[in-house]
Amino acid sequence: MSKTKEVKAKEPLFHIVARDVMHPGASFGIRVAAFVVALLLSALFVWVTVKVDLITFLKTMFRGAFGMDKVFEAEGFENAWTALLSSYMWATLKAAAKLLIIAVALGPAFKMRFWNVGAEGQVIIGAMAAAFVMYHYSTMPGPLLLLVMLVVSILAGGIWGLIPAFFKTKLNTNETLFTLMMNYIAMKIADYFYNLWRGAKSALGMINQTSRAGWLRSLWSGKDAAWFRNEDLWFMIIVLVFTVLMFFYLKSTKQGYEIAVVGESHNTARYAGISVTKVMLRTMAISGAICGICGFLLVSSQSHTINSAMAGGFGFTAIIVAWLSKFNSFTMIGTSVLIVALQNGSMLMANTYSDRGFSPSAADVIVAIMLLMVIGCEFFIKYRVMFKHSAKEAKA
Amino acid sequence: MIIWIQKAISFAAFIMLAALGELLSERSGSLNLGTPGTLCVGASVGFITAFNYCKSVETPNMFELLVLILLSSFAAGAIMGIIFAFFTVSLRINQNVVGLVMTILGTGLAEFLSVYFIESTTGNVRCDPAYYLFTAKIPFLSDKLGIVSDLLFNYGFMFYVTIVLAVVMMLFLNRTRAGLNLRSVGENPGTADAAGISVSKYRYLAAGIGSGISGLAGIYCVLEFKSGAWATSDIITIEAFGWLAVALVIFAMWKPLNLLWGSFVFGICYWAYLYLPNLLGVKMSDDLTRMLPYIITIVVLIVVSLRKKKENLGPEALGLSYFREER
């Protein structure tokens, strides 16, 4: 009667195993689940603080994000087009386009595993350069002025991106912290010019308010159709063009392939004869240049002025968008619309329930809850949690 | 000149406290970019606690008030740190991404709570008992020693706590077993794990305690540097201070004692726009002089990488998640 003595090792309750590539449908399902959980959590947050129930919350959020009712009083609602222009929907699309182009700009840098957290600064410096030309050379003929502004913005943004890349390649300086500091330098430069141009006035206001030199709308005449004269629309179209171009740049060109290889491993890249230095400098120049273009577009078509907050934190949010979208520009479209929709929806919540102490900053909280859930769910896509019993079953 | 140094030191003190917290978590390998948010939450929660405590009782008990403020700020910060650690250590999500989200969450939450609990969106709110508590000076030393008093003993108790904490942290990191383990987790988690050190435990603790310390820095900033006045709109300023604290850690090359003079340099730079033009007799734009701390940090980053001394480059595994099966 020999009893085999079972040796019991203390087994952890669960352990974590890396997954192979997950079925795309399943990973999509996990993301949707995370989205729903985040909405429920936000609803809970709203219910606890201001006692607004789930349905009202969702309705208000949706209206604030995609509602077609008018935000402000436009000059009469002539047709569907003008109605659209003054709707919440339009505001969301407009902001999403701004977020999208920055995310698109960051895509190649991140794919190369270069942590460019300096998009905010690159956008501001691009805008600054455009505004500088606009302010000092407003007598130039319209199209030429815009062209010069564009070129200067590209150069400014590109150089702002190149500086940290240069030190990264030469001395291996930490790029996260370097680009982060560059943001603040750009902001202070913008502050400096803002105060310089403002002079004794209380605020700068729009540059070239009367002559409209350097404004995108100075390009067309009054005879063109209403939709054609809309600066926001052109902004969106240009952003979409960049999105498509970037997708194919990363997917189908040699340079895009080089970026992917450098991102995977510097040594592999060197072995394959790819110059890591060259790729890194080139990619950061492109990344910064597109941020610069975003700055140019903001100055010429949206704000017509500068200040240090003009990127509005989108330079940071775009990092999360780019990362969530796995550097795929088309996915970024959806992600940026989603994030801006949340932001705008929460803003309407804040305006509606401000008397109950619901402030606009709640928008940040709701967006942050959403982002935490969505980035948190990446874990379940990448890894599998094996519990004690399921591990045994797997063995048997 | 003396006022400049005084102001620089009082600025340096809370930036240093925030940086100490960040330093602790960076030495364990977590680059916590959520520190600015943590600072805001610590400030907001701490002030709300103080404000409501003072409102609820006739004569506030100073000791209770002190404990409440410190506990609430520390706890608020620590919770932020633990959330960060949960996502980066347990779920292994990229630290930069989580950190940035934590900053969004922190600033948003700080503003939200402040509006929700204090119900004043405009203008300053004060909580004088707490202000007196934080600015009370050492009786004899602060006025009888001439210039020494002015420069060294003109601050509230948190100043001395901060300095002591810096020394304690230096001793902890360099002289104790736990400190050695913590550093090894930051340098090479794989090796640490093989030696039987729990990477997760150390990273959780470092992020939690570190963020707690940063949270304290938030309320310290409000009650001493900002002279006890709280306005919801100040949160943006506090956030900017948080980024300076992150920069300061690099500036100090991840060594607690370097923070002492590093933060002083930052303080001098921060106030340079007020005093430097007068001293040199030139007119300078304050926007440009305010760039100095950031430019200096970049220069330090470059100089440090120029020297290529490995121990100055920061913890080797900084910013990387650790997964045992990927070794």
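So is A:Lys111 of a type in the set (Lys, Arg), facing chain B (nearest Cβ under 10 Å) and in contact with a helix residue (DSSP H, G or I) (Cβ under 9 Å, 6 or more places away or on another chain) or not? Give the steps one after another, and end with the answer.
Working: of a type in the set (Lys, Arg): yes; facing chain B (nearest Cβ under 10 Å): no; in contact with a helix residue (DSSP H, G or I) (Cβ under 9 Å, 6 or more places away or on another chain): yes.
Against the criterion (of a type in the set (Lys, Arg), facing chain B (nearest Cβ under 10 Å) and in contact with a helix residue (DSSP H, G or I) (Cβ under 9 Å, 6 or more places away or on another chain)), A:Lys111 does not qualify.
Would you say B:Ser227 is away from every other protein chain (no Cβ under 13 Å), over 14 Å from the mean Cα position of the chain (by Cα) and under 17 Å from B:Asn124 (Cα atoms)? It would help to see each step written out before you state the result.
Details: away from every other protein chain (no Cβ under 13 Å): yes; over 14 Å from the mean Cα position of the chain (by Cα): yes; under 17 Å from B:Asn124 (Cα atoms): yes.
Taking the combined requirement at face value, the residue satisfies it.
Kindly indicate whether any position in the range B:273-290 is within 23 Å of the chain's Cα centre (by Cα) and either at pLDDT 80 or above or away from chain A (no Cβ under 12 Å) (or both).
No; the residues of the range B:273-290 include none that is within 23 Å of the chain's Cα centre (by Cα) and either at pLDDT 80 or above or away from chain A (no Cβ under 12 Å) (or both).
Can you tell me which residue among A:Phe193, A:Phe248, A:Phe242 is under 25 Å from A:Val148 (Cβ atoms), of a type outside the set (D, E, K, R) and within 23 Å of the chain's Cα centre (by Cα)? Full working, then the answer.
Numbers: A:Phe193 fails: within 23 Å of the chain's Cα centre (by Cα); A:Phe248 fails: under 25 Å from A:Val148 (Cβ atoms).
Of the residues listed, the single one that is under 25 Å from A:Val148 (Cβ atoms), of a type outside the set (D, E, K, R) and within 23 Å of the chain's Cα centre (by Cα) is A:Phe242.
Would it be correct to say that B:Ile93 is at pLDDT 90 or above and within 8 Å of another protein chain (Cβ to nearest Cβ)?
Values: at pLDDT 90 or above: no; within 8 Å of another protein chain (Cβ to nearest Cβ): yes.
Spelling it out, it is not the case that B:Ile93 is at pLDDT 90 or above and within 8 Å of another protein chain (Cβ to nearest Cβ).
Could you please find all residues in the range A:146-169 being over 19 Å from B:Tyr294 (Cβ atoms) and free of Cβ contacts under 8 Å to residues at least 12 places away in the same chain?
A:Leu147, A:Val151 - these are the residues of the range A:146-169 that are over 19 Å from B:Tyr294 (Cβ atoms) and free of Cβ contacts under 8 Å to residues at least 12 places away in the same chain.
The rows are residues; the columns are (1) at pLDDT 90 or above; (2) on the phi > 0 side of the Ramachandran plot; (3) under 17 Å from the mean Cα position of the chain (by Cα).
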| site | (1), (2), (3) |
| --- | --- |
| B:Gly29 | no, yes, no |
| B:Thr38 | yes, no, yes |
| B:Ser56 | no, no, no |
| B:Met62 | no, no, no |
| B:Met80 | yes, no, yes |
| B:Leu100 | no, no, yes |
| B:Glu111 | no, no, no |
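For the range A:270-285, what are the residues that are surrounded by fewer than 22 Cβ atoms within 10 Å (Cβ to Cβ) and either under 17 Å from the mean Cα position of the chain (by Cα) or within 24 Å of A:Val117 (Cα to Cα) (or both)? Walk me through how you get there before you give the answer.
So the first thing to find is which residues in the range A:270-285 are surrounded by fewer than 22 Cβ atoms within 10 Å (Cβ to Cβ), and the list is A:270-278, A:281-282, A:285.
Passing the criteria: A:Ser275, A:Val276, A:Thr277, A:Lys278, A:Leu281, A:Arg282, A:Ala285.
Taking A:Arg217 as meeting all but one of (1) more than 14 Å from chain B (Cβ to nearest Cβ); (2) without any contact (Cβ under 8 Å) to a residue 40 or more places away in the chain; (3) of a type in the set (Lys, Arg), write down the number of the exception.
Here A:Arg217 meets the rest and fails (2).
Looking for whichever is modelled with pLDDT of 75 or more, farther than 27 Å from A:Gly121 by Cβ, among the hydrophobic types (A, V, I, L, M, F, W, C) and crowded, with 17+ Cβ neighbours inside 10 Å here; the options are B:Ile298, B:Ile235, B:Ile213. Which one fits?
Just a single option satisfies the conditions, and that option is B:Ile213.
Going through the range B:32-59 one residue at a time, which ones are out of contact with any Asp or Glu (no Cβ under 9 Å at 6 or more places or on another chain) and among the aliphatic types (A, V, I, L, M)?
B:Leu33, B:Val41, B:Val45, B:Ile48, B:Ala50
Report whether or not A:Phe242 is in the same structural domain as A:Gly157 (by TED's automatic domain parsing) and surrounded by fewer than 14 Cβ atoms within 10 Å (Cβ to Cβ).
no
The values are calculated or read from the model by the stated rules, or taken from the named source; none is laboratory data. Bear in mind the structure is a predicted one, so any value in this text is a computation, not a measurement. Don't worry about glycine lacking a Cβ; one is built from the backbone with ideal geometry, like all the others, and counts go over all protein chains shown.
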